[in-house]
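Have a look at the structure below, then the notes.
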Amino acid sequence: MRRGEIYRVYKPSGDPKSYRVFVVVSRQAALDSRFSTAICAPVYSTAAGTATQVAVGIDEGLKHESWIFCDDLTSVRKSDLTQFVGSLSRAKLADLDQALRVALELE
């Protein structure tokens, strides 16, 4: 499992959908550790156009245009991250990093 990978999670906790797509945002050291969870950002099919959202789509392995919501980070069990969808390019990872900085007020 790598930072920037996209996974489909079935029956995510507290989500009304049967599955949700998530992007792994945890630092690689945490992913390589014995921690049982990874910090992830959900992917939605609609957006509000804020600086905390990153557009993704077919190039990243998704079926249609979608957005990563960095204001809605959640912990997901690593054991639930089994349905690999795709990965973010370096440019999209840079966009994700910027959106996370805005969402967490790190600037």
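The values are calculated or read from the model by the stated rules, or taken from the named source; none is laboratory data. Note that the structure is a prediction, hence the values are computed from the model and not measured. Glycine gets a Cβ as well: all are built from the backbone with ideal geometry, and neighbour counts include every protein chain shown.
Applying the selection to region 48-107, what residues are of a type in the set (Gly, Ala, Ser), under 21 Å from GLN28 (Cα atoms) and surrounded by fewer than 16 Cβ atoms within 10 Å (Cβ to Cβ)?
Passing the criteria: SER75, SER79, SER89, ALA91, ALA94.
Mind checking whether some residue in region 55-70 is among the acidic types (Asp, Glu), in a loop (DSSP other than H, G, I, E, B) and either in contact (Cβ under 8 Å) with a residue 60 or more places away in the chain or closer than 21 Å to LEU100 by Cα (or both)?
Restricting attention to region 55-70, the residues satisfying the condition of being among the acidic types (Asp, Glu) are 59-60, 65.
When the remaining residues are screened for being in a loop (DSSP other than H, G, I, E, B), the result is 65.
Those left that are additionally either in contact (Cβ under 8 Å) with a residue 60 or more places away in the chain or closer than 21 Å to LEU100 by Cα (or both): 65.
Yes, the conditions are met somewhere in region 55-70.
Given the structure, is LEU106 at pLDDT below 95 and in contact with a Leu (Cβ under 8 Å, 6 or more places away or on another chain)? Before the answer, list the steps.
Details: at pLDDT below 95: yes; in contact with a Leu (Cβ under 8 Å, 6 or more places away or on another chain): yes.
Yes.
What is the number of the single condition among (1) free of Cβ contacts under 8 Å to residues at least 40 places away in the same chain; (2) out of contact with any Phe, Trp or Tyr (no Cβ under 6 Å at 6 or more places or on another chain); (3) of a type in the set (A, V, I, L, M, F, W, C) that ALA47 does not meet?
ALA47 satisfies all of (1) free of Cβ contacts under 8 Å to residues at least 40 places away in the same chain; (2) out of contact with any Phe, Trp or Tyr (no Cβ under 6 Å at 6 or more places or on another chain); (3) of a type in the set (A, V, I, L, M, F, W, C) except (2).
Regarding region 86-106, can at least one residue be identified that is touching a residue at least 40 places away in the same chain (Cβ under 8 Å) and touching a Phe, Trp or Tyr at 6+ places or on another chain (Cβ under 8 Å)?
No, every residue in region 86-106 fails to be touching a residue at least 40 places away in the same chain (Cβ under 8 Å) and touching a Phe, Trp or Tyr at 6+ places or on another chain (Cβ under 8 Å).
Hey, could you check region 13-27 for residues that are assigned to a strand (DSSP E or B) and β-branched (Val, Ile, Thr) and say which is farthest from the chain's Cα centre (by Cα)? Walk me through how you get there before you give the answer.
Restricting attention to region 13-27, the residues satisfying the condition of being assigned to a strand (DSSP E or B) are 19-24.
If we keep only those that are β-branched (Val, Ile, Thr) too, we end up with 21, 23-24.
Details: VAL21: 7, VAL23: 2, VAL24: 5 Å.
Residue satisfying both the conditions and the ranking: VAL21.
Out of the residues in region 10-40 meeting the condition of being touching a Phe, Trp or Tyr at 6+ places or on another chain (Cβ under 6 Å) and surrounded by 14 or more Cβ atoms within 10 Å (Cβ to Cβ), tell me which one is nearest to ILE68 (Cα to Cα). Break it down stepwise before answering.
Here is the first cut: in region 10-40, the residues touching a Phe, Trp or Tyr at 6+ places or on another chain (Cβ under 6 Å) are 10, 19, 22, 40.
Narrowing the set further to residues that are surrounded by 14 or more Cβ atoms within 10 Å (Cβ to Cβ) leaves 22, 40.
Working: PHE22: 8, CYS40: 10 Å.
If we take residues in region 10-40 being touching a Phe, Trp or Tyr at 6+ places or on another chain (Cβ under 6 Å) and surrounded by 14 or more Cβ atoms within 10 Å (Cβ to Cβ), then PHE22 is nearest to ILE68 (Cα to Cα).
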